[in-house]
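**Q** Take this structure first; my questions come after.
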Amino acid sequence: MSPAAVIEFAIPEISLRDFDTRKNQIAADLDIACHGIGFFYLVDHGIPQELIDEAFTLSKKFFDEPLEEKEKYLLGPNNQGYSAFGGQVLDRKRKVPDSKEAYNILMLPNNSAFESPHHPLFREYKLLIQRFGDSAMDVVYKIMRLLALVLDVPENTFVSLFGGKDGSHNGTFRALHYPPVEEEEVEDELENGVIRCGAHSDFGTLTVLFTEPDGPLGLQVLSPLTNKWEWIPSKPGALLINISDIIEFETRGYFLSTLHRVAPAPGPDRRRRRYSIAFFTQPDRTTIIKPIRGSKRLDNFAMEEAKRAKMEREVKKARGDSATFVEDVVRRWKKAGTENIADGGITVQDWIQSRVNGTYNFA
């Protein structure tokens, strides 16, 4: 089966061209993408390709290091450092270790992330990494302001989660390497445990994924439209952005945090190495996250969801016994290991730490 034969699912493409004069149109495009799928390509984003290429060169140089050298900087509960092959289990249902390696660097204000021990390569190029993170956050803040415009709430509704001012952010630079898959192609290989990165939704607010323009297939999204795993190819010049759990929770499910995974690609792509860089964004750790109030759009959506849930219960198809999305998500979060949610509110620190602890086996 050729890669072209399996690419049928289309992710929306959104342009930031003429941002100041096209805000309403861009917001309308985001509404369709984030409410319907939760993923979109972003073009005309303003991040120099040269900066992205330099970050990939640094990433590959690190992963080429001997294993014993990389393991000197193993990831710990602070979510910084090296995660070896099999060191993370993102799919809590299947519990199959991920066939990938990664390196995490928290992007804290004033470069304070580099106060933690890091591999010499990353310490040497910390200004490059900081510039990369700042550029990604510039894009994230633009998207967040537009999402607020969609909901007709104050422009800084989402940005204020990060301390209310640009530059005061908590992001995670995550370099990723997926090795070639050597197993022979079989129809049920995913069921037999061959997986690169287990099915999961992201922990934070928005995720920005950087991929190589000619990189192999691997990323799949569980489409809310078809309920099937759909391949998401790399797109030259585009970033891939997805809604994460915190924004899904705050918007009562209006914006979707969609399940995704990295699977063995069809055809020759399965024998190619896959590199990517994910930039995860988390608000200030003391921030209490809770559903947004004061948005007519969200209120109307919640009422429609309640009506739909009632109808589903009547035909015995309801999800659990909750009448609202918030109650359903609280149950899901508690199941993920977070027990101290009260009235739909939880600190970012408690939420992120529960997810980190739930996917790594710290000694």
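The values are calculated or read from the model by the stated rules, or taken from the named source; none is laboratory data. Keep in mind the model is a prediction, meaning the values are calculated, not measured. No Cβ is skipped: glycine too gets one built from the backbone with ideal geometry, and neighbour counts run over all protein chains shown.
**Q** Specify the residue that is modelled with the lowest pLDDT; the eligible residues are those in the range 285-304 that are more than 18 Å from the chain's Cα centre (by Cα) and assigned to a loop (DSSP other than H, G, I, E, B).
**A** Here the answer is Thr286.
**Q** Which numbered condition trips up Leu219, out of (1) on the phi > 0 side of the Ramachandran plot; (2) under 17 Å from the mean Cα position of the chain (by Cα)?
**A** Every listed condition holds for Leu219 apart from (1).
**Q** Tell me, please, whether a residue that is modelled with pLDDT under 90, of a type outside the set (A, V, I, L, M, F, W, C) and closer than 24 Å to Ile52 by Cβ can be found in the range 147-160.
**A** No, every residue in the range 147-160 fails to be modelled with pLDDT under 90, of a type outside the set (A, V, I, L, M, F, W, C) and closer than 24 Å to Ile52 by Cβ.
**Q** Quick check: anything in the range 98-106 under 28 Å from Leu219 (Cα atoms), assigned by TED's automatic domain parsing to the domain that holds Cys197, aliphatic (A, V, I, L, M) and modelled with pLDDT of 90 or more?
**A** Among the residues of the range 98-106, at least one is under 28 Å from Leu219 (Cα atoms), assigned by TED's automatic domain parsing to the domain that holds Cys197, aliphatic (A, V, I, L, M) and modelled with pLDDT of 90 or more, which makes the answer yes.
**Q** Kindly provide the set of residues from the range 213-238 that are crowded, with 20+ Cβ neighbours inside 10 Å and in a strand (DSSP E or B), ordered by number.
**A** Leu219, Gln220, Val221, Glu230
**Q** What is the residue count in the range 244-284 for residues that are touching a strand residue (DSSP E or B) at 6+ places or on another chain (Cβ under 8 Å), assigned to a loop (DSSP other than H, G, I, E, B) and either among the β-branched types (Val, Ile, Thr) or not assigned by TED's automatic domain parsing to the domain that holds Ala55 (or both)?
**A** Qualifying residue count, the range 244-284: 1.
**Q** Here's something else I'd like to know. Pairs, please: C-beta under 7 Å, at least 6 apart or cross-chain, first residue assigned by TED's automatic domain parsing to the domain that holds Leu239 and in the range 26-50, second of a type in the set (Lys, Arg)?
**A** Tyr41/Lys235; Asp44/Arg17
**Q** If you go through the range 138-164 one residue at a time, how many are in a helix (DSSP H, G or I) and closer than 15 Å to Tyr254 by Cα?
**A** Qualifying residue count, the range 138-164: 7.
**Q** Sticking with this structure for a sec: Across the range 36-51, what is the total count of residues that are touching a Ser or Thr at 6+ places or on another chain (Cβ under 9 Å) and more than 16 Å from Phe19 (Cβ to Cβ)?
**A** Residues in the range 36-51 being touching a Ser or Thr at 6+ places or on another chain (Cβ under 9 Å) and more than 16 Å from Phe19 (Cβ to Cβ): 5 in total.
**Q** Please go through the range 245-272 and give me each residue that is polar (S, T, N, Q) and crowded, with 22+ Cβ neighbours inside 10 Å, ordered by number.
**A** Thr251, Ser257
**Q** Looking only at the range 121-152, how many residues end up being in contact with a Phe, Trp or Tyr (Cβ under 7 Å, 6 or more places away or on another chain) and either free of Cβ contacts under 8 Å to residues at least 60 places away in the same chain or surrounded by fewer than 20 Cβ atoms within 10 Å (Cβ to Cβ) (or both)?
**A** 5
**Q** I want to confirm something. Restricting to the range 166-212 and keeping residues that are modelled with pLDDT under 85 and not in a loop (DSSP other than H, G, I, E, B), which single residue is surrounded by the most Cβ atoms within 10 Å (Cβ to Cβ)?
**A** Checking each candidate, the answer is Asn170.
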